[in-house]
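The values are calculated or read from the model by the stated rules, or taken from the named source; none is laboratory data. This structure is a prediction, so every number in the text was calculated from the model and none was measured. Heads up, the Cβs are rebuilt from the backbone with ideal geometry, glycines too, and the neighbour counts pull from every protein chain shown. The protein model used for the area step is the full one, side chains on, heavy atoms only, and it has no ligands, DNA or RNA in it. Shrake-Rupley method; radii C 1.70, N 1.55, O 1.52, S 1.80 Å.
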Amino acid sequence: MTHALKRMADAKVLATGHQNQGFKGMERALLAGEDMIVFDGVSKVYGEAPALHSTNLNVRKGEFLSLLGPSGSGKSTILNIIAGAIAPTTGRIFLDGKDVSTVPPRDRQLGMVFQNYALLPHLNVFDNVAFPLRIRGASASEIREKVGNALERVGLNGYEKRKPREMSGGQQQRVGIARCIVYSPSVILMDEPLGALDKKLRDQLQGEIKRLHRELGTTLVYVTHDQEEALNLSDRVCLMNGGRIAQLGTPDELYFEPVSEFVADFVGESNLFDAIVVDKSTVQVEAGWNIEVRTTEGHAKGDRVKVLVRPEKVVATSAQDVGEKAGPGENHCAGVVSQVSFVGGMTRFDVALPNGRVVLAKGISSRAVERSPMGCPMELRWSARDSVVLK
Ligand SMILES: Nc1ncnc2c1ncn2[C@@H]1O[C@H](COP(=O)(O)OP(=O)(O)O)[C@@H](O)[C@H]1O
Ligand SMILES: [Mg+2]
């Protein structure tokens, strides 16, 4: 964008802000100089149905933020509102402190990577990657240099003359990524970029995207419905549910301190107990069965709460190997194995307690699978520290 155009755009934005909404949101965004993207009460309604309820959201400069959630939860809506491809029903969007709510997509200086690659089939790799530079009027020498750099970054030197159809899915997506980074956008948006690839390639490209983000230092917003992918890649994860933010936090916070049952369930596997608060470190799951928890702070005696225990925090021991009983700060129960799931390096036991409840325990796979088959008695124990009362 030329300086004159930019000034005009800014002036227009200022005028709109002044007449319609005042400066409150804008001041807030400008004061928070750390933020690259700010949503101020942004919503999107189609007909009657809100695809996105009124949302405040901030993405920090240089951050890798994932939008995670089930299908239809509003992830792509957020991404497309950032890109300018969808106009919000209410609210304002700030990019690097500037209100861009009325700035058209091309002038937002964003790079986009799509699930279906969206390459131009009749152009070869070089021309596909050069495309954004050409529409910006770059010189031939600048194009040669920048396309060369971008292709090198994604490991595609030597593929310049190939057509997209002569390349594998993984290679095509590398072209898509090269085309996105070639003009050094200040924000990169990716909508399920690995969704069309098989597991092994997905893992490999995840690593490459992570490395690229580190090298470029660009703000990156990444849409995925795959919780492992989100946890692995992101500085922070924004978990969406039904057009609302369910939780925004670091992967650690979402995993170990989920704010709701939905978050606990969506991110990783969980044991969730309905319980009643007894005192500051004890809850009752049922008559005669209390669990020691980290803390019941914020809840009163008698409150109904949910307690989360991650399966890998539950130590399962074949009953014949059990030594001493549970000590202070430790929980203990016993049952029989009702299912064994062997998942790669991890084994999960579903252990049925006498009261009918099933507790999941997960650990690094060993020959224990053979020693603890279905129907065998098993002792479970876990620490009070790992019993988290949901807020
Ligand atoms: N153009 C549209 N018209 C009507 N409803 C739409 C449109 N685009 C999206 N939606 C609805 O908005 C909701 C959120 O969609 P989307 O953001 O694409 O979800 P996600 O990317 O999380 O799968 C969905 O219920 C979807 O059906
Ligand atoms: Mg989507």
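Some notes on this structure:
- Using the alpha-carbon positions of region 272-318, Rg (one decimal) and Dmax (whole number) come out as 11.3, 37 Å.
- Summarising the label geometry, the points placed 7 Å from Cα in the beta-carbon direction at GLU228 and ARG134 lie 4.0 nm from one another.
- Check: region 25-261 dipole with +1 on Lys, Arg Cβ and -1 on Asp, Glu Cβ, in debye: 900 debye
- Note on the chain: antiparallel DSSP beta bridges, both residues inside, total approximately 75 percent of the bridges counted.
- Spin-label proximity, ASN149 to region 98-117 - amide N less than 18 Å from point 7 Å beyond Cα toward beta carbon: 109-112
- Where Cα atoms sit under 30 Å apart: lysine pairs in region 25-261 separated by 8 or more or lying on different chains: 25
- Hypothetical label at ARG244: residues of region 42-61 whose amide nitrogen lies under 17 Å (7 Å Cα-Cβ projection): 42-45, 49-57
- Gain in span if fully extended, VAL336 to ASP279, counting 0.36 nm per residue against the direct Cα distance: 17.5 nm
- Spin-label model distance (nm) - GLU253 vs LYS391, 7 Å beyond Cα toward Cβ: 0.8 nm
- Leading residue at positive end of dipole, the chain (Cβ point charges), from ILE276, MET240, MET36: MET36
- At R0 = 51 Å, FRET efficiency that the Cβ-Cβ distance of ALA85 and ALA319 yields, to 0.05: 0.30
- Normalised contact order of the chain, rounded percent, pairs of Cα under 8 Å and 6 or more residues apart: 14 percent
- Calculated accessible area for region 25-261 comes out at 44 Å² per residue, all protein chains present (probe 1.4 Å; ligands, DNA, RNA ignored).
- Efficiency of FRET from Cβ geometry, ARG294 and ASN157, R₀ 45 Å, rounded to 0.05: 0.30
- Here, the chain yields an orientationally averaged convex hull projection of 24.7 nm² when only Cα atoms define the hull.
- Here the spin labels are modelled as points 7 Å beyond Cα on the Cα-Cβ line, and at GLU286 and GLU48 they lie 4.2 nm apart.
- Using the Cβ-Cβ distance between LEU120 and LYS210 with R0 = 25 Å, the FRET efficiency computed as 1/(1 + (r/R0)^6) comes to roughly 0.35.
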